[in-house]
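Below is one structure, written out as structure tokens; comments come after it.
The values are calculated or read from the model by the stated rules, or taken from the named source; none is laboratory data. Bear in mind that the values here come from a model prediction, so they are computed numbers and not experimental data. Neighbour counts are summed over all protein chains in view; Cβ atoms, including those assigned to glycine, are modelled from backbone coordinates with ideal geometry. Just so you know, the surface numbers come from the protein's heavy atoms only, side chains and all, with ligands and any DNA or RNA stripped out. Shrake-Rupley method; radii C 1.70, N 1.55, O 1.52, S 1.80 Å.
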Amino acid sequence: MTRRVALLAAVVVLMLMIASPASADFSVTYPDGSIGFEINLGFGLHAAAFWDIPSDFDIFVISANAVSTPLPASFFAGVSGFAYWLDFQFIDAFGRAVFDVYVNQGAGFFFVTRVAF
């Protein structure tokens, strides 16, 4: 476990040394202030990082192609977008986490549905 934590810390430090979110190839600022970005490191390598600013168990998804260009993805019928935000709400009576799902199609986030898993 300590090796994994050390590796994760090294990756975060490397990401901060390589580039800031402002210089990323693809970045998203979520409605709660959290940030996600992807950097094309060359040679077919990519690095993605997310900062969950309020640390409230949200799930962040971005989709990009091989050269870090935003790529639409669809997780729900008829709704595709470049970024998804699963905003954690609560734990239901069955022990499942309940999330409100928002999608970004390039002009901000909008509500799609509520899911539990």
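Considering only residues that are open to solvent by 70 Å² or more (accessible area, probe 1.4 Å) and touching a Ser or Thr at 6+ places or on another chain (Cβ under 9 Å), which ones fall in region 59-73?
L71, P72
Looking only at region 83-105, which residues are outside any strand (DSSP E or B) and either open to solvent by 70 Å² or more (accessible area, probe 1.4 Å) or under 17 Å from D32 (Cα atoms) (or both)?
Answer for region 83-105, where residues must be outside any strand (DSSP E or B) and either open to solvent by 70 Å² or more (accessible area, probe 1.4 Å) or under 17 Å from D32 (Cα atoms) (or both): A93, F94, R96, Q105.
Applying the selection to region 38-58, what residues are open to solvent by 40 Å² or more (accessible area, probe 1.4 Å) and assigned to a strand (DSSP E or B)?
The answer is N40, L41, L45, H46, A48, F50, W51.
Can you say whether A77 is open to solvent by 60 Å² or more (accessible area, probe 1.4 Å) and farther than 16 Å from F26 by Cβ, as far as the supplied structure shows?
Taking the combined requirement at face value, the residue satisfies it.
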